[in-house]
Amino acid sequence: MATDLSDAGPLLVAEGLRKSFRNQEVLKGISFSVRSSQVVGLLGRSGSGKSTLLRCLNMLERPDAGHVYLAGEEVGYGGTPRRPLNARGLAYQRRSLAMVFQHFNLWPHRTVLENVTEGPIQVLGLSRDECEAHAIELLDRVGLKEKAHAYPVRLSGGQQQRVSIARALAMRPKVILFDEPTSALDPELVGEVLGVMLDLARSGSTMVVVTHEMEFARQACDEVILLADGEIAARGTPAEVMDRPASDHARRLFENHLAHSPRRGDRHAGL
Amino acid sequence: MQAYEWEFSILWQYRELLFNAVLTTFRILGLSVSLGILAGLILAPLRMSDKLFLRAPATAIIEVVRSIPPLVLVVWAYYCLPILTGLTLSAYWTCVIALAMYTGVFFAEIFRAGLQAVDHGLVEAGRSVGMPPWKIFTRITGPLAFLRILPPFTSQCIMAVKNSVLGSYIAVGEVLYEAQRLSTATFRPLELLTAVALFFVATILPLTLVTGTLEKKVLQRYFRR
């Protein structure tokens, strides 16, 4: 996707990210970068480290080593000598890194509209009127304007996920991180969420998407990164990675992955 | 057995004294429950702290106070606290503070359970829109914990209402103490003690009914499909 910002350097950079849980090394030094308006897909089997990688980008998991830069500024660390930012400093940076979760995580005690306006009002300090107008616009965009005053519990999974996308957009983030946004949905609800995401991708949002949806990756992503055992097994355009896997290892893994794609009926196997 | 002649006019006759006793009971309640909530709000986060030097004393206080019968706590505070601290409080304030301590440790455990029951994903959603920890507490975990703890919170308040009569043991002029005093003076224990029992039913029953309805509404509105 051509953009006028492409020569301004990458927007989001991950450099040598490492993370271990107990004695298990989940990320073994991952580096990649995302340009403005680019959509990057993180693929891989369950346990390959893709969700952990995504969560390291906004420091929901603190990596053991490595750096993340957003628009040239390091995320989660600052000062000389470099040390971890306190909660307040990190919160400030997270304003520009929205996230959409596998299980939606809408706040049950707030209406759909309040879920969307909560961040802008409470965190950005914008006026209620302004935020509500913007929220209605966003809800309209995800096709849920008429649900604005409902509580999340009244919505289907697909609707909840679309609200959570609107909630992410309301912060006007620089990058949106998607953590398996359709994995918790009933098969018939996957399409409506992917439709919204495809629309976002085409309208120039910068996105990093962890997904099992191969068809979505093919259509929406400018680049896909295939993770295996905490390392990058393949990277490139969807066509390069998915149709002409560079190595035998990648091909095996990828075919395997397709064979285990949730689309083929084991969507609920892990739940 | 001879039929007993009820004489409830005795209540009217001593209405002023009894009214003051009721007021004292409500004052003890209001103060001990408010102070108890305050104690709970302080103890709960300490108890949950990942720093041992905060967690250990809070846990110790909670576990110790929790295992003392409330009557023992009141009596102990009345006789021993002045000797140990040199501080002499009135029976009324001793009662308030002892009951606040007792209620407070239970509130602390209830608040902790409520906060821990909040789905961590909702906290992460707060973090991901850039909420600092205090905002996450006031906007997400606090309100959700409150909705979740409504039933145990009410039960504990009901216990506090019942425990307020323990003040009578150290001569605090609340309903039971005054009714007992009056019944020995007038030889009308049946009327007076029945009135005390009915007073508690009349106080607690509405509390149960209101929170029962509230609870249903909360579930219906936010949580139940």
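Among rounded, prolate and oblate, which fits chain B when a ≥ b ≥ c are the square roots of the eigenvalues of its C-alpha gyration tensor, a/c under 1.5 means rounded, and a/b larger than b/c means prolate? It would help to have the intermediate numbers written out before the result.
Details: a/c = 3.31, a/b = 1.66, b/c = 1.99.
Judged from the Cα gyration tensor, chain B comes out oblate (a/c at least 1.5, b/c at or above a/b).
Sequence-distant or interchain residues sharing an amide H contact under 5 Å with A:M207, placed H: which?
A:Q38, A:V39, A:V40, A:I176
Using the beta-carbon distance between A:R154 and A:L124 and R0 = 45 Å, what value does 1/(1 + (r/R0)^6) give for FRET efficiency, to the nearest 0.05?
With a Förster radius of 45 Å, E is 0.95.
Check every DSSP H run in chain B and write down those whose alpha carbon atoms cover 24 angstrom or more along the long axis and whose mean Kyte-Doolittle hydropathy is 1.0 or greater.
On the way: long enough: B:15-48 (48 Å, 1.37); B:91-117 (39 Å, 1.16); B:142-163 (28 Å, 0.73); B:189-218 (43 Å, 1.36).
Membrane-span-like by this rule: B:15-48, B:91-117, B:189-218.
Summarise the partner chain shielding of A:86-94 as one whole number: the mean count of Cβ atoms from other chains within 10 Å of each residue's Cβ.
That works out to 4 on average.
Sort chain A into rounded, prolate or oblate with this rule: let a ≥ b ≥ c be the square roots of the eigenvalues of the Cα gyration tensor; rounded if a/c is under 1.5, and if a/c is not under 1.5, prolate when a/b is larger than b/c, oblate otherwise.
Oblate shape, in that a/c is at least 1.5 and b/c is the bigger or equal ratio.
Suppose we keep just the DSSP beta bridges with both residues in chain A; what percent of those would be antiparallel, to 5?
Counting only bridges with both partners in chain A, antiparallel ones make up about 55 percent.
Once you put a point 7 Å from the Cα of B:F26 and another 7 Å from the Cα of B:L198, both along the Cβ direction, what distance in nm separates them?
1.8
Counting only other chains, what is the mean number of Cβ atoms within 10 angstrom of the Cβ of each residue in peptide B:143-149? Intermediate values should be presented prior to the final figure.
Values: counts 3, 3, 0, 1, 2, 0, 0.
Other-chain Cβ atoms within 10 Å of each residue's Cβ, averaged: 1.
Just counting partner chain Cβ atoms within 10 Å, what average do the residues of peptide B:177-188 show around their Cβ?
0
Subtracting the Cα-Cα distance from 0.36 nm times the residue separation, let me have the gained length for A:E146 to A:T80 in nm, one decimal. Walk me through the intermediate numbers first.
Working: separation 66, 0.36 × 66 = 23.76 nm, distance 5.05 nm.
Taking A:E146 through A:T80 to full extension adds about 18.7 nm, to one decimal.
In whole Hz, what ³J(HN,Hα) sequence does the range A:131-147 give by Karplus (6.51, -1.76, 1.60; θ = phi - 60°), x for Gly and Pro?
After applying 6.51 cos²θ - 1.76 cosθ + 1.60, I find 5, 5, 4, 5, 4, 4, 4, 5, 5, 4, 4, 8, x, 10, 4, 6, 9 Hz.
Test of understanding: express the Cα radius of gyration of the range B:136-223 as a ratio to 2.2 N^0.38 Å, with N the residue count. Walk me through the numbers before you get to the answer.
Details: Rg = 18.4 Å, N = 88, 2.2 N^0.38 = 12.1 Å.
Ratio of Rg to 2.2 N^0.38 Å for the range B:136-223: 1.53.
Taking K and R as +1 and D and E as -1, what net charge do the other residues with C-beta under 13 Å from the C-beta of B:M48 add up to?
+2
Excluding same-chain residues fewer than 8 positions from A:K145, which aspartates and glutamates have a Cα within less than 13 Å of its Cα?
Those aspartates and glutamates meeting the cut-off are A:E114, A:E132, A:E137.
Rank-order B:153-161, B:81-89 by packing density, defined as the average count of other C-beta atoms within 10 Å over each peptide's residues, highest first.
Working: B:153-161: 17.8, B:81-89: 10.9.
Taking the mean over residues of other Cβ atoms within 10 Å, the ranking is B:153-161, B:81-89.
Dipole of chain B, Cα-centred, from +1 at each Lys and Arg C-beta and -1 at each Asp and Glu C-beta, to the nearest 20 debye? Mind showing how you got there, number by number?
Numbers: 19 positive and 12 negative charges, 211 e Å.
Computed about the Cα centre, the dipole is about 1020 debye.
Place a label point 7 angstrom from the Cα of A:E73 along the Cα-to-Cβ direction, then list the residues of the range A:101-125 whose backbone nitrogen is under 15 Å away.
Only A:124 fall inside the zone, counting backbone N under 15 Å.
Report the calculated FRET efficiency for B:A171 and B:I83 (r = Cβ-Cβ distance, R0 = 22 Å), to the nearest 0.05. Working shown, then result.
Numbers: r = 18 Å, r/R0 = 0.84.
Approximately 0.75, to the nearest 0.05.
For A:L227, enumerate residues with amide H under 5 Å from its amide H, sequence gap 5+ or separate chain, H modeled in the peptide plane.
For A:L227, the qualifying residues are A:L43, A:G44, A:A233.
So how far, in whole Å, is the C-alpha centre of the range A:196-243 from the one of the range B:74-132?
Taking the Cα centre of the range B:74-132 as reference, the centre of the range A:196-243 is 51 Å away.
So if R0 is 60 Å, what FRET efficiency would A:I136 and B:W12 give, r being the distance between their Cβ atoms, rounded to the nearest 0.05? Let's see the in-between values first.
Numbers: r = 62 Å, r/R0 = 1.04.
Computed FRET efficiency for A:I136 and B:W12 comes out at 0.45.
Using per-residue counts of other Cβ atoms within 10 Å, averaged over each peptide, order B:124-130, B:146-152 from highest down.
Sorting B:124-130, B:146-152 by mean packing, highest first, produces B:124-130, B:146-152.
So for the protein assembly as shown: antiparallel DSSP bridges make up what percent, rounded to the nearest 5? List each step's numbers first, then the result.
Details: 22 of 39 bridges.
Bridges in the protein assembly as shown that DSSP calls antiparallel: roughly 55 percent.
A 23 angstrom limit on the alpha carbon distance is what I want to check against. Which of A:K147/A:K174; A:K28/B:K51; A:K50/A:K174; A:K147/B:K217 exceed it?
A:K147/A:K174; A:K28/B:K51, as the Cα separations exceed 23 Å there.
Is it possible to state the helix-based mean residue ellipticity at 222 nm for chain A, with each DSSP H run of 4+ residues giving -39500 (n - 2.57), the sum divided by total residues, to the nearest 500 deg cm²/dmol? What is it?
-10500 deg cm²/dmol
Every number here is computed from the coordinates shown, using simple stated rules; none is lab data. In this text the structure is predicted, and so the values were computed from the model without any measurement. Positions of Cβ are backbone-derived with ideal geometry, glycine not excepted, and every protein chain shown enters the neighbour counts.
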